[in-house]
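One structure is given here, and the rest of the page talks about it.
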Amino acid sequence: MIDNSSEYQPLTAMSDGGGRTRALVIHPCRKSRHGKSMADDRVRSPQARLEEAVGLTAAIDIDVVEQAVVPLSSLRPATLLGTGKLEELRILIESREIDLAVVDADLTPVQQRNLEKAWKTKVIDRTGLILEIFGERAATKEGELQVELAHLNYQKSRLVRSWTHLERQRGGFGFIGGPGETQIEADRRMISERITAIRRQLETVTRTRQLHRSRRQKAPYPVVALVGYTNAGKSTLFNRLTQSKVLAADMLFATLDPTMRAIDLVTGRKVILSDTVGFISELPTHLIAAFRATLEEVTSADLIVHVRDAAHPDTEAQKADVLSVLADLGVKPGEEGAPPMIEAMNKIDLLSEDEREAMFNRADRDIDMVAISAVSGDGIPALMERIDAIVGAQDSIHHIVLEPWEGASVSWLHRNADVLDQRVDDAGATHLQVRMDPIAYAKFFKIKPDD
Ligand SMILES: Nc1nc2c(ncn2[C@@H]2O[C@H](COP(=O)(O)OP(=O)(O)OP(=O)(O)O)[C@@H](O)[C@H]2O)c(=O)[nH]1
């Protein structure tokens, strides 16, 4: 059994006095030779990066009481920051009673530990912060396990040299393993055992999930996935579109995934709306599996709605990031077989009339766009109509996945529908692309040939 300290413990539960966690968020960036701070990538300003980190921290219900861009003239291997800055922030942390410092950079385990010692407070870096968000947002069992796995791998890497968290918890019992096994080796061994156990659970869960997904794909309505950069307004839009519309059909999905809801479109057509976790630039590579697990629905969606913050100065860079993550997942809009995509240009309430017009008149505009405000409700009917039209146009072509034991269904489809494509995947499931009229389609679900 592993020590409890390695299990996922939300930062929000950290504050002792029952109050909310009070955080300081800093974004360290290199100074240029001319003394001016410079962005650590070409697109985003340090201020924008800081705001993003503050937004991410606030999203997990932590009070950000102080924030700062910290220009660095050189990178200190032991503490990242120089002594002057270290002391200045220590005073701030003490006087503002801060119990969490978020450093928007990748810290080495040694840097993290030294900062915690110097500031006498918990310190997390960018990876730690993203893991917290995934932990909160993981909606499926698979997502949760992937996040815990990423957490453990992260902790394991932090156990180099004398990382003492687990030791402290045990009150320094010294050797607990076989002869010659040090505390750190014992900690590593326990974490490795837990990692193996999670991997095993993941295999089972993945299998079950495939069953759920095939069941869901057989639901006679299409899936519309909302994707977008963090803070673009996906959840606000999701809530607006699903407002007070609890359909009986939801019962089907409620137990599987709380971020999926069925909604009625104007024509009476039903679609399943699926919310996803926000995209972030420079996602650490070892977090990609955890991130993918939260994006399950996107790869098999019938339509992708890319929610964009039209009022953000980095909106184009954010779009590029989202598209590149989608491409990593194998979703390349515009390519044969890829789901269609529309852009919901959100937050237009923050734009002037001229800015709105300019958005639509851009010469390089390559995609279907609808201007909306998820907050004021502006443009929402137009968005719903667009979704209706696109999904409606695909009406007669369906992608159906059948398990290896559902042979009777495959034969039924060959007899009653136009099978355009058929392939068997590695797990033995049959993927069929079929054209059939709505009556035959409804009948297929009613008679369930394999039941
Ligand atoms: N002014 C304005 N603000 C909006 C609009 N839509 C969302 N917001 C605000 O933008 C912030 C982020 O909205 P969310 O819906 O949480 O964004 P999200 O894309 O789900 O964010 P993640 O959970 O990080 O992925 C919130 O403060 C919203 O109130 C809009 O149309 N206009």
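The values are calculated or read from the model by the stated rules, or taken from the named source; none is laboratory data. Predicted model, so just to flag it, every value in this text is computed and none were measured. Because the Cβ atoms are built from the backbone with ideal geometry, glycine has one as well, and the counts that use them run over all protein chains shown. Heavy atoms of the whole protein, side chains included, go into the accessibility calculation; ligands, DNA and RNA do not. Shrake-Rupley method; radii C 1.70, N 1.55, O 1.52, S 1.80 Å.
Please report the carbon-and-sulfur percent of the accessible area for region 396-447; probe 1.4 Å, protein heavy atoms only, DNA, RNA and ligands left out. C and S atoms contribute 53 percent here. Taking amide H as placed 1.01 Å from N in the peptide plane, residue 450 has its amide H under 5 Å from the amide H of 409, each at least 5 places away in sequence or on another chain. Close amide H partners of residue 123, meaning residues 5 or more places away or on another chain with modelled amide H under 5 Å apart, are 101.
Please calculate how many Å² of accessible area region 396-447 carries per residue, with a 1.4 Å probe and no DNA, RNA or ligand atoms counted. Walk me through the numbers before you get to the answer.
Numbers: 2950 Å² over 52 residues.
Per residue, region 396-447 has an accessible area of 57 Å².
Multiplying the residue separation of residue 451 and residue 243 by 0.36 nm and removing their Cα-Cα distance gives an extension gain of 71.3 nm.
Residue by residue, region 59-76 carries 3J(HN,Hα) couplings of 5, 9, 6, 10, 7, 8, 9, 9, 8, 7, 8, 10, x, 10, 7, 8, 9, 8 Hz when phi is fed to the Karplus relation 6.51 cos²θ - 1.76 cosθ + 1.60 (θ = phi - 60°); x denotes Gly or Pro. For the pair residue 426 and residue 83, a Förster radius of 45 Å applied to the C-beta separation gives a FRET efficiency near 0.20, rounded to the nearest 0.05. Pairs with C-alpha atoms separated by more than 18 Å, drawn from the list 85/120; 31/117; 234/347; 141/270, are 31/117; 141/270. Computed from phi, the 3J(HN,Hα) profile of region 329-343 under the Karplus parametrisation 6.51, -1.76, 1.60 (θ = phi - 60°) reads 7, x, 9, 10, x, x, 7, 3, x, 7, x, x, 9, 10, 9 Hz, with x in place of Gly and Pro. Taking θ as phi - 60° and the Karplus parameters 6.51, -1.76 and 1.60, the scalar couplings of region 107-120 work out to 8, 6, x, 5, 4, 4, 5, 5, 5, 4, 5, 5, 9, 6 Hz in sequence order, x denoting glycine and proline.
Sorting check: for 298-308, 112-122, which peptide has the highest mean count of neighbouring beta carbons within 10 Å, and how do the rest follow? Walk me through the numbers before you get to the answer.
Values: 298-308: 22.5, 112-122: 18.0.
Per-residue mean Cβ counts within 10 Å order the peptides as 298-308, 112-122.
Please say if region 375-451 is rounded, prolate or oblate, where rounded means a/c under 1.5 for a ≥ b ≥ c the square roots of the C-alpha gyration tensor eigenvalues, and otherwise the choice is prolate for a/b larger than b/c and oblate otherwise? Intermediate results must be reported in sequence, preceding the final value.
Details: a/c = 2.68, a/b = 2.14, b/c = 1.25.
Because a/c hits 1.5 or more and a/b exceeds b/c, region 375-451 counts as prolate.
Pop out the carbon and sulfur fraction of the accessible area of region 52-158 as a percent, whole number, probe 1.4 Å. Write out the running numbers ahead of the final one.
Details: 2140 of 4310 Å².
Carbon-and-sulfur percentage of accessible area, whole number: 50.
Amide hydrogen proximity for residue 30: with H placed 1.01 Å from N in the peptide plane, the residues at 5 or more positions away or on another chain lying under 5 Å are 38, 72.
Suppose a student asked you for the relative contact order of region 396-447, using Cα pairs under 8 Å spaced at least 6 residues apart; what percent would you report?
Values: 69 pairs, mean separation 22.7, N = 52.
Relative contact order, region 396-447: 44 percent.
Relative protection proxy for 73-83, 221-231, 316-326, from highest mean packing down: 221-231, 316-326, 73-83 (other beta-carbon atoms within 10 angstrom).
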